[in-house]
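First up is the structure itself, then whatever we jot down about it.
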Amino acid sequence: MARVRLENVTKRYEDVTAVDDVSLEVEDGEFVTFVGPSGCGKSTTMETVAGLTRPTEGRVFIGDDEVTDLAPKDRGVSMVFQNIALFPHMDVFENISFGLRLRTYDDDEIRRRVEGAAEIVQLEGMLERMPDELSGGQRQRVAIARAIVRNPNVFLMDEPLANLDAKLRVHMRTELQRLHRELGTTIIYVTHDQAEAMTMSDRIAVLNEGRLQQIAPPLTCYNEPSNLFVAGFIGSPSMNFADGTVVGDGIETPHFDVDVDRETLAGATDGDEITVGVRPEDVHLAENARSIEAASDPIDVRTDVLEPMGDEVFVYLLLTESAERSMEEDPASSSDQLLMSVTPDTEIRENQTVEIVLDRSKIHLFETQTGEAIVHGITDRPDRESESTTEEVDS
Ligand code: ADP
């Protein structure tokens, strides 16, 4: 087991900066996932740890040792990739033990390791099967067992589940978590699938255009995204965003206003552009708003399409009549639409006028220009607070 540290790692190809000044540390025994859209530099970052790519600048450490210039085989890492390359003419035992046989371990040691790894990935009794007698998931488990027998300090996994069907992917997610618990080995995992990242990892490192956006536990990225990119990428469906402007003690967006104490907007002045973000589950029908401690003022909307998902219903909301009209020719701008998620027992129809409120304690504010987060959850509300205090005293 070992920790992994990247120090200002940059990788440039002729006209592309694949990895741009990434520094991060993966603790000994930690499961960290690199996640981001295709082309964001996840694989290249991992390849600098594997030794398959030499950084243009920066240094890589595994344990206490700098490995920037070491060959992959000398780094104590094992890799599992998306494309499972099993030798078709070798049975499972031979496939798993292939790397060990190259290293001339004795037969007893090889058998002991292969059987141990087969047990961990639940392939006992299948060691004599040929690859074409295995399902996709079983083949992937052979590839993982082949990585396990080498007893690595660090596992590197690049989209290992991408070629499996949806149901098997979900199953293998739990298997990988179990594997991590049993082995306790440091794992660096690469995926573009944020659900995979959220469910398996101790921490996720969100990358975009080669730059590290945030590295934090999954729920921290979800609840306190460091910037607009993370806010939009983590969470499905995505967070709603509205373009806003600072005016007096609040933010005006094209269709609703958000009261915010100026102190919360540290340093902002009238006219500054601020993006308001709210997740679909933090948008509520006004009639159900009693359970929310800090509801916004009601906003009039028209329901558009309903998407029943079984456990919840996604309700697409149009904030203006004109938005509804323009939808026919052109998609409305994102500021004209809002997605709300409600429980399946909610009485709601398409094309209905309703009042909604936003849970203020779950509103996120971002500097539009830089994308940086300003605040997660608005708790202050100077004018209204004094009003409600008065009401409480009166009653
Ligand atoms: P991801 O794994 O997030 O999809 P990659 O790390 O594979 O992204 O690639 C990041 C960027 O670097 C992409 O723009 C890709 O085209 C570019 N890139 C990766 N490898 C090479 C290479 N060998 N030569 C040139 N460009 C590359």
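The values are calculated or read from the model by the stated rules, or taken from the named source; none is laboratory data. In this text the structure is predicted, and so the values were computed from the model without any measurement. All Cβ positions, glycine included, derive from the backbone under ideal geometry; neighbour counts span all protein chains shown.
So which residues in region 34-52 are aliphatic (A, V, I, L, M) and either away from the ligand (no atom under 15 Å from the Cβ) or closer than 16 Å to VAL154 by Cβ (or both)?
The first filter runs over region 34-52 and keeps only residues aliphatic (A, V, I, L, M), leaving 35, 46, 49-50, 52.
Listed by number, the residues that qualify are MET46, VAL49, ALA50, LEU52.
Out of everything in region 1-33 that is within 14 Å of the ligand (Cβ to nearest atom) and either of a type in the set (Asp, Glu) or in contact with a Phe, Trp or Tyr (Cβ under 7 Å, 6 or more places away or on another chain) (or both), what residue ends up being nearest to SER78 (Cα to Cα)?
Keep residues of region 1-33 that are within 14 Å of the ligand (Cβ to nearest atom), which gives 6, 9-20, 22, 33.
With either of a type in the set (Asp, Glu) or in contact with a Phe, Trp or Tyr (Cβ under 7 Å, 6 or more places away or on another chain) (or both) added as a condition, the list becomes 14-15, 20, 33.
Numbers: GLU14: 29, ASP15: 31, ASP20: 25, THR33: 16 Å.
Step by step, filter region 1-33, then rank; the result is THR33.
Looking only at residues in region 286-317 that are in a loop (DSSP other than H, G, I, E, B) and over 30 Å from the mean Cα position of the chain (by Cα), the one that is surrounded by the fewest Cβ atoms within 10 Å (Cβ to Cβ) is ASP297.
Output yes when any residue across region 4-21 is part of a loop (DSSP other than H, G, I, E, B) and within 20 Å of ILE187 (Cβ to Cβ), and no when none is. No: region 4-21 contains no residue that is part of a loop (DSSP other than H, G, I, E, B) and within 20 Å of ILE187 (Cβ to Cβ).
For (1) at pLDDT 95 or above; (2) within 24 Å of VAL246 (Cα to Cα); (3) of a type outside the set (A, V, I, L, M), each residue gets a yes or a no:
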| site | (1), (2), (3) |
| --- | --- |
| ASP270 | no, yes, yes |
| ASP282 | yes, yes, yes |
| GLU307 | yes, no, yes |
| VAL315 | yes, no, no |
| LEU319 | no, yes, no |
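Per this entry, LEU212 is counted among residues that are buried (at least 19 other Cβ atoms within 10 Å of the Cβ) and at pLDDT 95 or above. Of all the residues in region 1-22, those that are of a type in the set (Ser, Thr, Tyr) and surrounded by 15 or more Cβ atoms within 10 Å (Cβ to Cβ) number 2.
The rows are residues; the columns are (1) in a loop (DSSP other than H, G, I, E, B); (2) of a type outside the set (Val, Ile, Thr); (3) in contact with a strand residue (DSSP E or B) (Cβ under 9 Å, 6 or more places away or on another chain); (4) closer than 26 Å to GLU307 by Cβ.
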{"site": "SER238", "(1), (2), (3), (4)": "yes, yes, yes, yes"}
{"site": "PHE241", "(1), (2), (3), (4)": "no, yes, yes, yes"}
{"site": "THR245", "(1), (2), (3), (4)": "no, no, yes, no"}
{"site": "ILE251", "(1), (2), (3), (4)": "no, no, yes, no"}
{"site": "PRO254", "(1), (2), (3), (4)": "yes, yes, yes, yes"}
{"site": "GLY267", "(1), (2), (3), (4)": "yes, yes, no, no"}
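Hey, could you check region 161-176 for residues that are in contact (Cβ under 8 Å) with a residue 40 or more places away in the chain and of a type outside the set (A, V, I, L, M) and say which is farthest from ILE84 (Cα to Cα)? Result: GLU175. Every condition in (1) modelled with pLDDT of 90 or more; (2) buried (at least 19 other Cβ atoms within 10 Å of the Cβ); (3) not hydroxyl-bearing (Ser, Thr, Tyr) is met by HIS192 except one, and the failing one is (2).
Within region 53-97, the only residue that satisfies the criterion of being among the aliphatic types (A, V, I, L, M), modelled with pLDDT of 95 or more and within 16 Å of the ligand (Cβ to nearest atom) is VAL60.
I need a count of the residues in region 41-63 that are aliphatic (A, V, I, L, M) and under 21 Å from the mean Cα position of the chain (by Cα). Let's see the steps before the verdict.
Here is the first cut: in region 41-63, the ones aliphatic (A, V, I, L, M) are 46, 49-50, 52, 60, 62.
Retained after the next criterion (residues that are under 21 Å from the mean Cα position of the chain (by Cα)): 46, 49.
Residues in region 41-63 being aliphatic (A, V, I, L, M) and under 21 Å from the mean Cα position of the chain (by Cα): 2 in total.
If you take the residues of region 133-147 that are over 18 Å from ASP165 (Cβ atoms) and over 26 Å from the mean Cα position of the chain (by Cα), which of them is surrounded by the fewest Cβ atoms within 10 Å (Cβ to Cβ)? Checking each candidate, the answer is GLU133.
Residues in region 302-318 that are acidic (Asp, Glu) and closer than 19 Å to GLU355 by Cβ: ASP304 alone. When THR68 is tested against (1) surrounded by 14 or more Cβ atoms within 10 Å (Cβ to Cβ); (2) out of contact with any strand residue (DSSP E or B) (no Cβ under 8 Å at 6 or more places or on another chain); (3) without any contact (Cβ under 8 Å) to a residue 24 or more places away in the chain, only condition (2) is not met.
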